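Asks: The structure is given below, and queries will be raised subsequently.
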Amino acid sequence: SNAIKYSNEGSLVRIFVEKAEEPGFVLIKVIDNGRGIPQEFLAKVFDRFQQVEKSDEKILKGTGLGLAICKAVIEEHGGKIGVDSKQSQETCFWFTVKEKIS
């Protein structure tokens with residue numbers, strides 16, 4: 001939902017699923033063409049109560065917990081999560097999960 005929330009109206013959000021480099025895992029990517037995330041903020045984006053712009057809290061009704069929760073759930077299941085962003089161009093959030101659940 002963040003990809004939609006932080007993208008311009010009418011812009012494209014792409015989702016890709018492919019085999020991960022790590023055997024037994026798949027890689028899922030969500031790529032948007034929104035405003036991007038400043039490089040200095042990338043290290044904190046998965047921390048609790050973090051938002052790139054303070055105005056997002058009121059305008060977009062966010063608490064800054066969503067990505068922290070995603071990270072906790074994915075890591076608890078043995079996966080990894082990350083983000084790559086080019087400010088004013090695109091942001092790619094990615095995560096790995098096991099192909100099969102035992």
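The values are calculated or read from the model by the stated rules, or taken from the named source; none is laboratory data. Remember, it's a predicted structure, so these values are computed and weren't measured experimentally. All Cβ positions, even for glycine, are placed from backbone atoms using ideal geometry, and neighbour counts span all protein chains on display. For accessibility, only protein heavy atoms count, side chains too; no ligands or nucleic acids. Shrake-Rupley method; radii C 1.70, N 1.55, O 1.52, S 1.80 Å.
Asks: Which ranges mark the strands (runs of 3 or more DSSP E) fully within the stretch 1-94 that have 2 or more residues being basic (Lys, Arg) and modelled with pLDDT of 85 or more?
Replies: Because the criterion is at least 2 residues that are basic (Lys, Arg) and modelled with pLDDT of 85 or more, the strands (runs of 3 or more DSSP E) in the stretch 1-94 that meet it are 13-19.
Asks: Further question: Need pairs with beta-carbon distance below 6 Å; first residue within 22 Å of Phe25 (Cβ to Cβ) and within the stretch 82-102, second part of a loop (DSSP other than H, G, I, E, B) and open to solvent by 50 Å² or more (accessible area, probe 1.4 Å); sequence gap 6+ or separate chains.
Replies: Listed pairs, sorted by first residue: Thr96/Lys80.
Asks: Could you please tell me which pairs satisfy a Cβ distance under 6 Å, a separation of 6+ or placement on different chains, a first residue in the stretch 34-47 that is among the basic types (Lys, Arg), and a second residue that is surrounded by 13 or more Cβ atoms within 10 Å (Cβ to Cβ)?
Replies: Lys44/Gln50
Asks: Still on this structure, I have one more. Just the residues that are over 12 Å from Glu90 (Cβ atoms) and touching a helix residue (DSSP H, G or I) at 6+ places or on another chain (Cβ under 9 Å), please, taken from the stretch 6-20.
Replies: Residue satisfying the conditions is Ile15 alone.
Asks: Give me the pairs: first residue in the stretch 3-15 and of a type outside the set (Val, Ile, Thr), second residue assigned to a strand (DSSP E or B) and surrounded by 13 or more Cβ atoms within 10 Å (Cβ to Cβ), beta-carbon distance under 6 Å, and six or more apart or on different chains, which are they?
Replies: The qualifying pairs are Ala3/Val13; Ala3/Val30; Ala3/Asp32; Ser7/Asp32; Arg14/Ile31.
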